[in-house]
Structure formats: structure tokens, C-alpha cells
């Protein structure tokens, strides 16, 4: 099996190549759930009756600690993305499309050449065959109902 990066029309041979290509160390840098992650890692503080979350405290100091937290957060999320993608790529079937961060990866045959045929056309043909099969099943169901009524 080979791996076709749909977005950039790149053809790669191994799962590791795909992961190296698709996983960006800064992909999660602007995630909205960074504040929740910080609060899960550290305790906040109560001062004069007001509860300050760890995120509120740490974000007020825009220093090296903040950058280190962002790096650790991105690293943890990327490890999770990498593990999920490795599983999906290893267990997927030819024709499956897998989202890995900002990329779509299509699993293709070993003899796939990115310029030899249009992979989208192959998918369209498959989908059309599935539609025709469903139409025949519906038509058969209607015929069965008509026979029961008649």
C-alpha cells in the first residue's frame, strides 16, 4: 500500500514518511483547549476570596515558562495525533481517506502512480456503483410490496 497526500499530490511509501510529512510541531499552538490543559496540569490559587486558575496566573507572565508549556502541549497533542494516524493508516483499506492534522491521505495500491489516473474519478465510479446497487435494492423492495398488495 502507498499513501497519497491529496492536498499536495505527494505519493509516499511508508507510514513513517506520512507522519513526518503531515505532523506539524506547531499545529496545536493555537488550540482553544490549551487553557483547560494547563488547568489540568497545575493548581490555581485563591487570593482574597477570588479563585485564579493556573492558566490565568501563568498567562500573565509571558516568559520562557509559557513557551515551554505551549511546546509540551503541542508535543502531547502531536503524539496523540501520531498514534491515532498510525493506527488508521495501518488498519485502513485501499480507497480510505484519513485526516491527519491539515492533510487528507488516501490509501492507494502499491502500483499507484499519481499521474496515471485520477484517483477522484476512481472514487466517483465506486460511489456510482454503490448508488446503483442501492437503487436496485429499493426497486426490489417496492416490487415486493406491490406483489404483496396485488
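Has segment 81-88 got at least one residue that is assigned to a loop (DSSP other than H, G, I, E, B) and not assigned by TED's automatic domain parsing to the domain that holds residue 127? Within segment 81-88, none of the residues are assigned to a loop (DSSP other than H, G, I, E, B) and not assigned by TED's automatic domain parsing to the domain that holds residue 127. Among the residues making up segment 12-44, those that are modelled with pLDDT of 90 or more and either buried (at least 16 other Cβ atoms within 10 Å of the Cβ) or not in a helix (DSSP H, G or I) (or both) are 12, 13, 14, 15, 18, 19, 21, 22, 23, 24. Does residue 81 fit the bill of being surrounded by 11 or more Cβ atoms within 10 Å (Cβ to Cβ), out of contact with any helix residue (DSSP H, G or I) (no Cβ under 7 Å at 6 or more places or on another chain) and under 30 Å from residue 112 (Cβ atoms)? Against the criterion (surrounded by 11 or more Cβ atoms within 10 Å (Cβ to Cβ), out of contact with any helix residue (DSSP H, G or I) (no Cβ under 7 Å at 6 or more places or on another chain) and under 30 Å from residue 112 (Cβ atoms)), residue 81 qualifies. Here residue 27 clears all of (1) more than 15 Å from residue 85 (Cβ to Cβ); (2) in contact (Cβ under 8 Å) with a residue 12 or more places away in the chain except the condition numbered (1).
Report whether or not residue 57 is touching a residue at least 12 places away in the same chain (Cβ under 8 Å), surrounded by 12 or more Cβ atoms within 10 Å (Cβ to Cβ) and under 18 Å from the mean Cα position of the chain (by Cα). Answer is no for this residue.
The values are calculated or read from the model by the stated rules, or taken from the named source; none is laboratory data. It should be emphasised that the depicted structure is a prediction, and the values quoted were computed from it without experimental measurement. Every residue, glycine among them, receives a Cβ derived from its backbone with ideal geometry; neighbour counts consider all protein chains shown.
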